[in-house]
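Let me begin by presenting the structure, written as structure tokens, before commenting on it.
Taken together, the values in this text are just the output of simple stated rules run on the coordinates, not laboratory data. Because the structure is predicted, anything quoted here is derived from the model rather than measured. Please note: Cβ atoms are built from the backbone with ideal geometry, for glycine as well, and neighbour counts cover all protein chains shown.
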Amino acid sequence: MEGTLFNIFAGLTVLSALLVVANPFSRNPVTSALFLVTTMISISGLFVLLGAYFLAAVQILVYAGAVMVLFLFVIMLLDLREAARRKLNLVSLAMGIMAVGALFSVYKSSIESKYGEASQQQEVAADTGQAEVKMVGSTRALGQALFSGDKGFILPFEIVSILLLVAMVGVILLSRKEPR
Amino acid sequence: MFATITELFAAPWVMTLLKVVAVFAVVMPMVAYSVVAERRISAWIQDRVGPNRVGIPFTNIKLLGLGQPLADGLKSFVKEDFTPAHVRKVFYWMAPAVAMVPSFVVLAVLPFGSMLGKQKMVIADLDVGILFTFGIVSLGVYGVVLAGYASNSKYPFLGGIRSSAQMISYEIAMGMAVVPVFMLVGDLNLGAVIDYQASGAWLVFKQPLAFAIFLIAIFAETNRLPFDLPESETELVAGYNTEYSSMRFALFFMGEYAAMIAGSALMVVLFFGGWTLPFGDFFNTPAQSSIGKGLVHIGVFIAKIAMFLGLMIWIRWMLPRFRYDQLMNIGWKRFLPASLANIILTAIVLWVLHS
């Protein structure tokens, strides 16, 4: 059951992600944006299968619900015509492949190293029936991991918050009509 | 596959399917009859009669016009389904469905009763229920935006643009408004919210500001007057659904009423105690074995939803429409700071009480 669902959601994710960038039927930017929404929703389906319900809900809420609506908003306001087919740019293709390869190797090594072992240990613990492990995906556990000082991620969290705040202030400053 | 009928009913998916069918069978007539209620109440408010003729077909029995949805539905089905030549076809066909689906999906996580037999009266008892709800509600904007884009003409497009700005703005205020509720309850599960209210006062009395903001945000999210700028007749000739006719138009209409029902149900669950009533144990404890008690609880829940639907209809015909800048001002400059202050205030009160 879970395997089938994984195949469905993973297939949907890859297929709609492909259709975002290379859609043979339409060069309409709105179509691409809608396929990106489909991608987001199927990724949240993958999160559900992993037991990360909080992440799944936030994925839909933030990406599919807010970010993509703003994308659509901007695309519609700019009134983009259908993009013309561009020639294949070999340099950017090579750079793209290099970037994807680098990202893939980072993921691969991180899965194989520390965290991979940790998740294996969790699986063992789940087999032996420890209650604590069931909390991994829950909102409470996530909050405790994020906001606790000594072992948690409070410092990175706050740094990211300040970064977002700076970005927000910057956007407001840039979009003011008369800069003072 | 299944040896006996009991074995069939033991399978979890069978009960889930039954609940889905039951919820659908209750909500669809509610949608139909809230349209009738809208027309009758508007008529009373404007000192008209309203639709009071259609009763049982082929008889003279009028039933106060309760047969009206049948006639309306039949009319929508047999009218010509006209697709204007200038529309973007795929989006045009997709939009009504996209507009309608989210309102129904929201109902999946709402606990609409306590117990019936051994079944919890909720389709999906999610631990992140409220986040799921907000996620799905935020998808509701696509239907309107797509309709506006697909129609490929001026007024629907303006309606779609207005709608996306309005719904995103009020979604934020709505999300922030309910945060104090969950600070008090300490759980994101909607069943836990009802349990909390069953053992104490309803949250509307503990968080009146949160409720006020949430109520107004629901009005804006469902595009109801005084916030119906995406479809304001006098400015945009019905806005995003101008180019739609027959059943497609009816789907938008039904989507709006389904969204009203989902929003009302959300308010009932979050602030008005769900299926509970503060009149003793019968209304406050889950029905363990008694089917009758379970049915009463579901009835209480539906009655509360009907009350909110009545409120929404009443307000629609009593208040004029906001101007667009007023809408944005009140959303961003009043509700958002007020709900943020409410969060901080609640946090301080909880901190003082617990230390």
Between the DSSP loop rule and a limit of at most 16 other Cβ atoms within 10 Å, which trypsin sites (Lys or Arg not before Pro) in segment B:7-83 are left? B:R48, B:R53, B:K62, B:K79
Pick out which of B:T285, B:T59, B:T133 has the largest mean-square fluctuation in a Gaussian network model of chain B, springs linking Cα atoms closer than 10 Å. B:T59
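Within 10 Å of each candidate Cβ there may be at most 12 other Cβ atoms; applying that plus a DSSP loop requirement, which trypsin sites (Lys or Arg not before Pro) in segment A:1-105 survive?
On the way: sites: A:R27, A:R81, A:R85, A:R86, A:K87; in loops: A:R27, A:R81, A:R85, A:R86, A:K87.
Passing both the DSSP loop test and the Cβ count: A:R81, A:R85, A:R86, A:K87.
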Give, in nm to one decimal, the length gained when the segment between B:L295 and B:A347 is fully stretched (0.36 nm per residue of separation minus the Cα-Cα distance). 15.0 nm
To the nearest 0.05, the calculated FRET efficiency linking A:F25 and B:V78 through their beta-carbon distance, R0 being 35 Å, is 0.55
Under a crude label model (7 Å from the Cα following the beta-carbon direction), how far is B:A11 from B:A306 in nanometres? 3.6 nm
Cross-chain or 8 or more residues apart, Cα under 14 Å: how many lysine pairs in chain B fit that? Count them up, please. 4
Please give, to one decimal in nm, the separation of the simple spin-label points placed at B:M318 and A:I97, each 7 Å out from Cα toward the Cβ. 6.8 nm
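In segment A:1-68, which chymotrypsin sites (Phe, Trp or Tyr not before Pro) fall in coil by DSSP and have 13 or fewer other Cβ atoms within 10 Å?
Details: sites: A:F6, A:F9, A:F25, A:F35, A:F47, A:Y53, A:F54, A:Y63; in loops: A:F25.
Those that pass, being in a loop and sparsely packed, are A:F25.
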Amide H neighbours of B:D228 under 5 Å, at least 5 residues apart or on other chains, H built in the peptide plane: list them. B:F322
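Just to verify a number: FRET efficiency for B:K118 and A:A167, C-beta to C-beta distance, R0 = 60 Å, to 0.05? Please report the intermediate quantities before stating the final value.
On the way: r = 51 Å, r/R0 = 0.86.
Rounded to the nearest 0.05, the efficiency is 0.70.
Per-residue mean of other chain beta-carbon atoms within 10 angstrom of the beta-carbon, peptide A:57-70?
Values: counts 12, 4, 1, 7, 11, 2, 2, 5, 13, 8, 0, 4, 11, 3.
Counting Cβ atoms of other protein chains within 10 Å of each residue's Cβ and averaging gives 6.
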Please list, in chain and number order, the residues 5+ apart from B:L116 or on another chain whose amide H is under 5 Å from its amide H, with Hs placed from the backbone. B:M121
7 Å from Cα along Cα→Cβ at both A:F147 and A:N89: what's the point-to-point distance in nm? 4.5 nm
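In which sequence would B:F271, B:F104 go, from the one with the fewest C-beta neighbours within 10 Å to the one with the most? Could you put the intermediate results ahead of the total?
Working: B:F271 24, B:F104 21.
In order of increasing Cβ crowding within 10 Å: B:F104, B:F271.
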On a straight-distance basis, which lysines could pair with A:K108 in a cross-link, Cα separation under 26 angstrom, same-chain partners fewer than 8 positions away excluded? A:K134, A:K151
Among B:W275, B:W314, B:W44, which one shows the highest mean-square fluctuation when chain B is modelled as a Gaussian network with alpha-carbon springs under 10 Å? B:W44
